[in-house]
Amino acid sequence: MLALSEIAPTFVEMAHRIVWCTVSTVDGDNRPRSRVLHPFWEWDGAALTGWIATMRTGQKKAQLEHSAFTACNYWAPNHDTCLAECRAVWEQDPAVRERVWRLFADAPEPLGYDPGGIGVPGWDGPSSPAFSVLRLDPWRVRVLTGEQLVTGKKAVAWRE
């Protein structure tokens, strides 16, 4: 196991290069549910935090009330993969919603995009009722490059 400080920068670089990941939750009957989302990760030297700009749909809300844990799994055609298993929390604070809106709006493409310009009904700004922010706090992170895979090297990991 690595220290978080040893794996977080590599994880963030790979996740931001791949951009889209499969995010899995568990429904009320303990069945896995997956969707493709676009987290933004921040590493401040001490903590790794993910942010998802999304809609707080009935399904997502119910699943995260049942189990507040997610798995965010990235894969690229060169077989680079990374995974963050996280506790997920809905962020309601207006300042946080504004900051996350700006994170996505100000980041270069393909990670960044105009949240108000993607056609989601009701997303006219960070205070729009349809716009929600999901905070991800990882308890486990794993990184495996395609090169490691083909040479038989093991993935590197951190666990809280």
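Numerical summary
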| item | result |
| --- | --- |
| Index of the failed condition, Ala62 passing every other in (1) within 22 Å of Arg159 (Cα to Cα); (2) of a type in the set (Gly, Ala, Ser); (3) out of contact with any strand residue (DSSP E or B) (no Cβ under 7 Å at 6 or more places or on another chain) | (1) |
| Qualifying positions in the range 6-41 - at positive phi and under 10 Å from the mean Cα position of the chain (by Cα) | Val19 |
| Residue within the range 42-49 that is small (Gly, Ala, Ser), part of a strand (DSSP E or B) and either surrounded by fewer than 16 Cβ atoms within 10 Å (Cβ to Cβ) or more than 14 Å from the chain's Cα centre (by Cα) (or both) present | no |
| Lone qualifier among Pro126, Pro121 - being exposed (fewer than 14 other Cβ atoms within 10 Å of the Cβ) and assigned to a loop (DSSP other than H, G, I, E, B) | Pro121 |
| For Ser34: the one exception among (1) among the hydroxyl-bearing types (Ser, Thr, Tyr); (2) surrounded by fewer than 19 Cβ atoms within 10 Å (Cβ to Cβ); (3) under 24 Å from Ser127 (Cβ atoms) | (3) |
| So Glu65, is it outside any strand (DSSP E or B), surrounded by 12 or more Cβ atoms within 10 Å (Cβ to Cβ) and of a type in the set (D, E, K, R) | no |
| Residue in the range 73-95 that is loosely packed, with under 14 Cβ neighbours inside 10 Å, among the β-branched types (Val, Ile, Thr) and part of a loop (DSSP other than H, G, I, E, B) present | no |
| Any hit, the range 118-137, residues being under 23 Å from Ser34 (Cα atoms) and of a type in the set (D, E, K, R) | yes |
| Search result, residues across the range 129-151 that are exposed (fewer than 12 other Cβ atoms within 10 Å of the Cβ) and in a loop (DSSP other than H, G, I, E, B) | Pro129 |
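To keep it simple, each residue is scored yes or no on (1) modelled with pLDDT of 95 or more; (2) surrounded by 15 or more Cβ atoms within 10 Å (Cβ to Cβ); (3) part of a helix (DSSP H, G or I).
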{"position": "Thr10", "(1), (2), (3)": "yes, yes, yes"}
{"position": "Arg17", "(1), (2), (3)": "yes, no, yes"}
{"position": "Ser24", "(1), (2), (3)": "yes, yes, no"}
{"position": "Ile52", "(1), (2), (3)": "yes, yes, no"}
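The values are calculated or read from the model by the stated rules, or taken from the named source; none is laboratory data. Computed from a predicted model, the values in this text were never measured in an experiment. Because the Cβ atoms are built from the backbone with ideal geometry, glycine has one as well, and the counts that use them run over all protein chains shown.
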